[in-house]
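Below: one structure, written as C-alpha cells.
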Amino acid sequence: MTPAAASPQRDSTIILLACAAFVSGAALRIGDPLIPRFAADFAVTPGMAGRVIYAFSIAYGLMQLVYGPLGDRYGKPMLICIALFGGAFAAAASALAPRFEILVGGRIVWGMAAAGIIPLGMAWIGDRVPYERRQATLARFLTGTLSGMMAGQLVGGLFGDTAAGWRGAFLTMAVVYAVVGLLLLRHVRQAAGATGPPVGTGATQSYGQRIAAVLRVRWAHVVLFAVLAEGIFLFGPLAYMPAYLHHRHGVSLSTAAALMMLWAGGGLLYALAARRLVGALGERRMVWLGGVLMGAGVIAWWISPLWVLAGPIALLVGFGTYLYHNTLQTHATQMAPTVRGTAVALFAFCLFGGQALGVLLAGITIDRVGFAPMLAVAAVALTLSGLALAHALRRREQAQKPQ
C-alpha cells in the first residue's frame, strides 16, 4: 500500500479512535459530580464515595500492564474494540448494582475494560505517524478524550440532579460504548491488514523483555515520574472539585459539573492551537507554563469568593494541563519505539495509578481536615512539577547537542 493510499485509511482510523477516546474520557469523569449522590444514596461519607472513582483508576492503571504488551503482539484497534464491548457490559452492570460494595466492584471491572482504549490509540498513532507530526496528531486524538471528559462532567452533573441519578448516567454510557464499539469493529474488519501491528522486535519479545526494554531507557524514568506526579496532584484533587464547589458555594451538582467541564474546554483550546504552540514555545516553555497555570489555577479556586469564576479558572487550568501533559505523552510514544504499546501502557499505568492514589489521599484529607490543605499541596506540587520537567528537558537537549 502506498503512503497516499494509506493516508485516508489512517485518518479514518484516527477519527474512530478519537470517538472511542470520547467514550473513555466520559467514563473517566462522569463519576466526579456524582460523588454527593453516591454518598447520599448509600449513606457514606464523600471520602468513602470517592472509592467509586479510585477503584476505577486502580483497575485502569493495572490493566495497562496487560493491554500494552498484547497490543504490541496482536494489534491495537481490535483490542480497542474488545475493550469497548467490555466497557458496555461493565457500565450496565454498575448501573444495576444494589449495594455500594457491588457498585465499587462493577467500577473495577469497568476500569479493567476501559484501560485498553486511550493508551492503545496513542500507541497506534505512534506506530503510524512520524515524530515531527505526532504532537499535532495526538492533539487531534486528544479532542476526542477531552470532549468526552466535558460530556462526562456535564452528563454526570445533569443526572445527579434528576431521579435517574447515577444509574441513568451509567446506563447511558453502556449504550454509547456499544455503538462506538460496533462502528470501530466494522471499520477494523474492512481495513484488515491496514491496521495490523507493525513489524518490529516487540512482536517476538516476552512480556518481561518488553517491560525491561522500556525501563532500561533513562529518559523513561523522568517521563514516568512526571506523569505519576500529575496523576496524584492534579487528577486526584480534580475528582473532588464539583463536590468542593457544591460544598463551598452551594451550587447545584449540574452547575458545578458545568463549571468544571471548562477544564476540558481548556484542553480543547490547546488541541486546536497545538501545531502553532509547539513551534512558537517549544517543549521546555510549554511544560514550564503548564505547571505555572495549573498551580496558579488551583490557588485561584481556593481563594476565589465567587462561584462563577470557577469556570474561567478551569479553562486556564485545562489549557495548562495539556501544555504539560501532551508534551509528556508525545515523549511516551517515543521512549521505546520497538515496544511502543508497552511504553505507552506503562505511562498510562503511572498516570492512573497516580490518580487512584491522589483520589484516595484527597478523600482522606477532605474527611479529616477539609478541602483547603488538599488544594494548597496540589498548587505547590503542580508548579514544581512543571519547573522540574522543563529543567530535565533542558538538560536532555544539551546532552543531545553535538560536542
Query raised in the report: Taking only pairs six or more apart or across chains, which ones have beta-carbon atoms under 8 Å, a first residue in region 205-223 that is over 13 Å from residue 350 (Cα atoms), and a second residue that is open to solvent by less than 40 Å² (accessible area, probe 1.4 Å) and not in a helix (DSSP H, G or I)?
Result: 213/336; 214/335; 214/336; 217/335; 217/336; 219/335
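In the list 288, 219, which residue meets the criterion of being in a helix (DSSP H, G or I) and either modelled with pLDDT under 85 or within 22 Å of residue 119 (Cα to Cα) (or both)? Give the derivation first.
On the way: 288 fails: either modelled with pLDDT under 85 or within 22 Å of residue 119 (Cα to Cα) (or both).
Just a single option satisfies the conditions, and that option is 219.
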Query - Restricting region 333-391 to residues that are over 22 Å from residue 21 (Cα atoms), open to solvent by less than 10 Å² (accessible area, probe 1.4 Å) and not hydrophobic (A, V, I, L, M, F, W, C), the residue that is farthest from the chain's Cα centre (by Cα) - result: 363
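Filter region 308-355 down to the residues that are β-branched (Val, Ile, Thr) and either in a loop (DSSP other than H, G, I, E, B) or under 11 Å from residue 267 (Cα atoms) (or both) and list them by number.
Kept after step one, since they are β-branched (Val, Ile, Thr), are these residues of region 308-355: 308, 313, 317, 321, 327, 330, 333, 338-339, 342, 344.
Within region 308-355, 317, 321, 333 qualify.
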Report task. Take residue 287 and decide whether it is in contact with a helix residue (DSSP H, G or I) (Cβ under 7 Å, 6 or more places away or on another chain), open to solvent by 10 Å² or more (accessible area, probe 1.4 Å) and more than 30 Å from residue 164 (Cα to Cα). Result -> no
Query raised in the report: Which residue pairs have Cβ atoms under 6 Å apart, sit 6 or more places apart or on different chains, and have a first residue in region 102-130 that is farther than 11 Å from residue 71 by Cβ and among the aliphatic types (A, V, I, L, M) and a second that is assigned to a loop (DSSP other than H, G, I, E, B) and modelled with pLDDT of 85 or more?
Result: 103/97
Query raised in the report: How many residues, within region 77-88, are touching a residue at least 40 places away in the same chain (Cβ under 8 Å) and open to solvent by 30 Å² or more (accessible area, probe 1.4 Å)?
Result: 2
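Might you let me know whether region 265-284 holds any residue that is within 21 Å of residue 152 (Cβ to Cβ), over 17 Å from the mean Cα position of the chain (by Cα) and modelled with pLDDT under 85? Give the steps one after another, and end with the answer.
Initial filter on region 265-284 (within 21 Å of residue 152 (Cβ to Cβ)): 265-272.
Imposing the further condition that a residue be over 17 Å from the mean Cα position of the chain (by Cα) reduces the set to 272.
Within this subset, residues satisfying the condition of being modelled with pLDDT under 85 are 272.
Yes.
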**Report entry** The listed residue being touching a residue at least 24 places away in the same chain (Cβ under 8 Å) and surrounded by 24 or more Cβ atoms within 10 Å (Cβ to Cβ), out of 95, 136, 151, 91
**Finding:** 91
Requested in this report: Could you tell me whether any residue of region 227-244 is more than 21 Å from residue 376 (Cβ to Cβ), in contact with a Leu (Cβ under 9 Å, 6 or more places away or on another chain) and of a type outside the set (Lys, Arg)?
Outcome: yes
Report task. Given the conditions (1) in contact with a Gly (Cβ under 9 Å, 6 or more places away or on another chain); (2) surrounded by fewer than 24 Cβ atoms within 10 Å (Cβ to Cβ), report the number of the one that residue 272 does not fulfil. Result -> (1)
Query raised in the report: Considering only residues of region 254-269 that are among the hydrophobic types (A, V, I, L, M, F, W, C) and open to solvent by 10 Å² or more (accessible area, probe 1.4 Å), which is nearest to residue 315 (Cα to Cα)?
Result: 262
Report task. Select, from 41, 32, the only residue that is of a type in the set (Asp, Glu) and either in contact with a strand residue (DSSP E or B) (Cβ under 7 Å, 6 or more places away or on another chain) or open to solvent by less than 40 Å² (accessible area, probe 1.4 Å) (or both). Result -> 32
**Report entry** Out of 151, 163, 136, sole residue that is within 19 Å of residue 261 (Cβ to Cβ) and either out of contact with any Cys (no Cβ under 7 Å at 6 or more places or on another chain) or of a type in the set (Ser, Thr, Tyr) (or both)
**Finding:** 151
**Report entry** Criterion violated by residue 74 - all others in (1) at pLDDT 85 or above; (2) surrounded by fewer than 19 Cβ atoms within 10 Å (Cβ to Cβ); (3) not charged (D, E, K, R) satisfied
**Finding:** (1)
Report task. List every residue pair whose Cβ atoms sit under 8 Å apart, with the two residues 6 or more apart in sequence or on different chains, where the first one lies in region 160-188 and is free of Cβ contacts under 8 Å to residues at least 12 places away in the same chain and closer than 17 Å to residue 42 by Cα and the second, anywhere, is among the aromatic types (Phe, Trp, Tyr) and in a helix (DSSP H, G or I). Result -> none
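The values are calculated or read from the model by the stated rules, or taken from the named source; none is laboratory data. Please read these numbers as outputs of a predicted model, since none were measured by experiment. Every residue, glycine as well, gets a Cβ built from its backbone with ideal geometry; the counts of neighbours run over all protein chains shown. These accessible areas exclude ligands, DNA and RNA; they are computed on the full protein's heavy atoms, side chains included. Shrake-Rupley method; radii C 1.70, N 1.55, O 1.52, S 1.80 Å.
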